[in-house]
Amino acid sequence: MPAMLGGLYGPDSEKWQERICEMSPICHIHKDVKYPPFLLLHGDADPVVRFSEMVDFYHKLLDCGVSAEAYQIDGGVHEGNFWSEEVRSVIREFLMRTVA
């Protein structure tokens, strides 16, 4: 595991947390900044990105006054079975409300 993390974040493990934050969208949302509305869709069976990360990001957006909607895709993994007509419908409706 350390070899994989070193390849991703660099050889100095003391800088890993800083690098992780640089790569995470949650560290780039700030109060008093205008952002477009966010639509978050995340599978609760995602083995790559934990579902809780989406939940944390959603709450950070709300705490910063950003308009955000979050949807849990039951049994959804990282791609694969994620896409359904229901998911596409949520996306269409969100775009119709926020872009049109």
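The residues packed around residue 52, meaning those with a beta-carbon under 13 Å from its beta-carbon, carry a net charge of -2 if Lys and Arg are +1 and Asp and Glu are -1. Cross-link partners for residue 15 among the aspartates and glutamates, with Cα-Cα distance under 19 Å and sequence neighbours closer than 8 places in the same chain left out, do not exist in this structure. Size check on region 25-77: the Cα extents along the three principal axes, sorted descending, read 35, 18, 13 Å.
Calculated on the alpha-carbon coordinates, the convex hull of the chain measures out at 121 cubic angstrom per residue. Shown in residue order for region 42-47 are the 3J(HN,Hα) couplings computed by the Karplus curve 6.51 cos²θ - 1.76 cosθ + 1.60 at θ = phi - 60°: 8, x, 7, 10, 5, x Hz (x for Gly and Pro). From its DSSP helices (H runs of at least four residues, each -39,500 (n - 2.57)), the chain gives a residue-normalised ellipticity at 222 nm of -13000 deg cm²/dmol. Taking a ≥ b ≥ c as the square roots of the eigenvalues of the alpha carbon gyration tensor, region 53-94 is oblate, as a/c is not under 1.5 and a/b does not beat b/c.
Think of it this way: in the chain, 64 stand alone, with no other Cys Cβ under 4.7 Å. Straight-line cross-link reach from residue 60 at under 17 Å between alpha-carbon atoms covers these aspartates and glutamates, not counting any fewer than eight positions away in the same chain: 22, 32, 69.
Since every read-out is calculated from the coordinates, none of them should be taken as a lab result. For clarity, every value in this text was computed on a predicted model and none was experimentally measured. Positions of Cβ are backbone-derived with ideal geometry, glycine not excepted, and every protein chain shown enters the neighbour counts.
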